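Just below is one structure, and these are the notes that go with it.
The values are calculated or read from the model by the stated rules, or taken from the named source; none is laboratory data. Note that the structure is a prediction, hence the values are computed from the model and not measured. Cβ: placed from backbone, ideal geometry, glycine included. Neighbour counts: every protein chain shown.
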Amino acid sequence: MFLTYLVTSLAVPAGQENIVKSIFSKIIPGTLPWVSLYWVFALISLAMVLLISFSVFPEVDRKEDERAGSWELHKSLFRQKTVILYLLEYLLM
């Protein structure tokens with residue numbers, strides 16, 4: 001719905017300006033109104049990056065049972081045929 005609104009508002013004749021058209025018409029060619037969606041995605045992504053970079057997240061203390069195992073444990077798991085078969089099944093899906 002938002003893409004339809006952007007494309008149709010950019011296709012409005014020059015005498016009927018609206019705020020969306022005035023912003024996007026400066027950076028988007030008139031023959032490619034669908035490019036406006038990429039600009040919207042870029043602005044949303046930038047806003048999300050800024051929001052996350054200024055957010056403060058609490059410190060997480062993991063318990064012993066929540067930690068990943070040692071390298072030796074992972075090597076012993078990959079020696080088991082069942083683990084390898086599950087991995088292959090997952091990769092081939």
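Annotations for the structure displayed:
- All of PRO58, PRO29, PRO13 fail the test of being assigned to a loop (DSSP other than H, G, I, E, B), at pLDDT 80 or above and more than 18 Å from the chain's Cα centre (by Cα), apart from PRO58.
- Residue check, ILE23 part of a helix (DSSP H, G or I), surrounded by fewer than 10 Cβ atoms within 10 Å (Cβ to Cβ) and free of Cβ contacts under 8 Å to residues at least 24 places away in the same chain: no
- Considering residues of region 26-52 that are touching a residue at least 12 places away in the same chain (Cβ under 8 Å) and surrounded by fewer than 10 Cβ atoms within 10 Å (Cβ to Cβ) only, the residue nearest to THR4 (Cα to Cα): GLY30
- Residue check: LEU6 meets all listed conditions (1) part of a loop (DSSP other than H, G, I, E, B); (2) surrounded by 10 or more Cβ atoms within 10 Å (Cβ to Cβ) but one, namely (1).
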